[in-house]
Amino acid sequence: MTYYMNDLLNVMRRLRGPGGCPWDQEQDHLSLRSYLLEEACEAIDALSAQDDEASCEELGDVLLQIAFHSVIAEERQAFSYANVEKSIIDKLIRRHPHVFGEVKVNGSAEVLSNWQAIKAAEKADEVPVHPVLKVPQSLPALARAQEVSKKLAMPKGDKASVAQALNQGDIGEMLLAVVNYARSEGINPEIALRETLSRHIKEALDAVE
């Protein structure tokens, strides 16, 4: 099997180097943030559509962003793509002692519990911060609301709490109540809304044909 990651990195180095692409040369970690978010969302759309060809292409676009950031960091002598690879490989081995070590587990729930315990131990020397501050601010609002709700241990909610929030006339509170209700049903609200929008768009387009 042939791997092309070094080729991709070399292409990025060429684009960033003398005689390369002016646009690529002007970019930095901050200017590329929106592209990483956009490419990740497009990959999610392709995966949700179960479109293998599109998924392959969109995951490649996500990989491009990783290569882009790695080359920029390499130029600053901050870290390299090899460091990125090693970091995630080490983390996966460390947090799967039931596979790479002698730990025994009984089901995925115990795997997740062990993962969180190992993660907490790894960060024991860090300055403590409230868990809610670790939720990425760049997450789409519904996805962020779901994670904040978990970190703050908000009640999972029900239809009555959604109706109550709606009666109060506060759209933000109503949306949060919907997120908490979705949590109680084991539903990811971000994905649910995306799928509903896709269905409505498809129905509208089908009606035009």
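The values are calculated or read from the model by the stated rules, or taken from the named source; none is laboratory data. As the structure is a prediction and not an experimental result, all values here were calculated from the model. Neighbour counts are summed over all protein chains in view; Cβ atoms, including those assigned to glycine, are modelled from backbone coordinates with ideal geometry. Protein only, heavy atoms only, side chains kept; ligands, DNA and RNA dropped before computing areas. Shrake-Rupley method; radii C 1.70, N 1.55, O 1.52, S 1.80 Å.
Taken over segment 156-209, the criterion of being under 21 Å from CYS41 (Cα atoms) and in a loop (DSSP other than H, G, I, E, B) is satisfied by ILE187, ASN188. Residue check: GLN168 meets all listed conditions (1) open to solvent by 60 Å² or more (accessible area, probe 1.4 Å); (2) of a type outside the set (Asp, Glu); (3) under 30 Å from TYR35 (Cβ atoms) but one, namely (3).
Every residue in segment 12-28 that is within 16 Å of SER80 (Cβ to Cβ) and open to solvent by 70 Å² or more (accessible area, probe 1.4 Å), please. Selection gives ARG13 alone.
Restricting segment 123-164 to residues that are over 20 Å from the mean Cα position of the chain (by Cα) and of a type in the set (S, T, N, Q), the residue that is surrounded by the fewest Cβ atoms within 10 Å (Cβ to Cβ) is GLN164.
Let's see how each residue does on (1) in contact (Cβ under 8 Å) with a residue 12 or more places away in the chain; (2) in contact with a strand residue (DSSP E or B) (Cβ under 9 Å, 6 or more places away or on another chain); (3) hydrophobic (A, V, I, L, M, F, W, C); (4) open to solvent by 70 Å² or more (accessible area, probe 1.4 Å):
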{"residue": "ALA54", "(1), (2), (3), (4)": "no, no, yes, no"}
{"residue": "GLY60", "(1), (2), (3), (4)": "no, no, no, no"}
{"residue": "LEU63", "(1), (2), (3), (4)": "yes, no, yes, no"}
{"residue": "HIS69", "(1), (2), (3), (4)": "yes, no, no, no"}
{"residue": "GLU75", "(1), (2), (3), (4)": "yes, no, no, yes"}
{"residue": "PHE79", "(1), (2), (3), (4)": "no, no, yes, yes"}
{"residue": "LYS91", "(1), (2), (3), (4)": "no, no, no, no"}
{"residue": "ASN106", "(1), (2), (3), (4)": "no, no, no, yes"}
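Have a look at ALA143, ALA121, ALA153 and point out the one that is among the aliphatic types (A, V, I, L, M), in a helix (DSSP H, G or I) and over 30 Å from LEU47 (Cα atoms).
Only one candidate qualifies: ALA121.
Take the conditions (1) of a type outside the set (D, E, K, R); (2) within 29 Å of ARG199 (Cα to Cα); (3) assigned to a helix (DSSP H, G or I); SER87 misses just one of them, which is (2). In segment 143-168, the residues that are of a type in the set (A, V, I, L, M) reach residues that are at pLDDT below 90 and in a loop (DSSP other than H, G, I, E, B) with C-beta atoms within less than 8 angstrom, at least six apart or across chains, in these pairs: VAL148/VAL135.
Considering segment 181-199, the residues that are closer than 18 Å to LYS151 by Cα and within 20 Å of the chain's Cα centre (by Cα) include one that is surrounded by the fewest Cβ atoms within 10 Å (Cβ to Cβ), namely GLY186.
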